[in-house]
Ligand SMILES: [Fe+2]
Ligand SMILES: [Fe+2]
């Protein structure tokens, strides 16, 4: 398995500075979360690698995102066609495969779905998605409360992150992606069926 240092060097080389700093802060937040929850070392490693790489394609021009997505046959949906920036996760995962020879599906899915989420996310995917939203550089009302929650209960914070995303998308007039609202509905169904007690139910 590639080391975190190798990944960091790669990210530093190809990302714009502002984006690289966000990636570093996301990795830092993910480390804090994994430490607070006693997560296995190999899982922590994957989380840190995926955090460093999740926005690797975020600054790619729209035409390039689209052309890469076509070339790799990535099943572009109508929302991605309208807003190609939505492809940066899927294209990012392809870059990571071809340039770093990372084929771990947990890492790749964490990169692919960090914006939308999806039903059936692994712990790696969930921690990356959470860390991206609450890293220390993020400044929105209530973010401190979310950071506290992330150290306490992974189920609660995960649900809040999805809720926040949907509210934010609606308030900003952005698409709510099908994968995101499917996930929200799935969480509510799971809660109803398990009394919300089971850990890592999503
Ligand atoms: Fe992103
Ligand atoms: Fe990000």
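The values are calculated or read from the model by the stated rules, or taken from the named source; none is laboratory data. These numbers were taken from a predicted model, which means no experiment stands behind them. Every residue, glycine among them, receives a Cβ derived from its backbone with ideal geometry; neighbour counts consider all protein chains shown.
Given the options 54, 37, name the one that is under 13 Å from the mean Cα position of the chain (by Cα) and closer than 27 Å to residue 136 by Cα. It is 54.
I'd like the full set of residues that are within 15 Å of ligand 1 (Cβ to nearest atom) and surrounded by fewer than 17 Cβ atoms within 10 Å (Cβ to Cβ), limited to region 88-137. Of everything in region 88-137, just one residue is within 15 Å of ligand 1 (Cβ to nearest atom) and surrounded by fewer than 17 Cβ atoms within 10 Å (Cβ to Cβ), namely 137. Only one of the numbered conditions (1) more than 16 Å from ligand 1 (Cβ to nearest atom); (2) farther than 23 Å from residue 174 by Cα; (3) touching a residue at least 24 places away in the same chain (Cβ under 8 Å) is not met by residue 70, and that is (3). List, please: which pairs have Cβ atoms under 9 Å, are six or more places apart or on different chains, and start with a residue in region 179-202 that is modelled with pLDDT under 75 and end with one that is outside any helix (DSSP H, G or I) and buried (at least 16 other Cβ atoms within 10 Å of the Cβ)? So the pair list comes out as 202/121. For region 22-56, filtered to residues that are farther than 21 Å from residue 99 by Cβ and within 16 Å of ligand 1 (Cβ to nearest atom), the residue that is surrounded by the fewest Cβ atoms within 10 Å (Cβ to Cβ) is 25. Is there a residue being touching a residue at least 60 places away in the same chain (Cβ under 8 Å) and within 19 Å of residue 121 (Cα to Cα) anywhere in region 6-21? For region 6-21, residues touching a residue at least 60 places away in the same chain (Cβ under 8 Å) and within 19 Å of residue 121 (Cα to Cα): absent. Within region 1-21, restricting attention to residues that are surrounded by fewer than 18 Cβ atoms within 10 Å (Cβ to Cβ) and not in a helix (DSSP H, G or I), the residue that is modelled with the highest pLDDT is 16.
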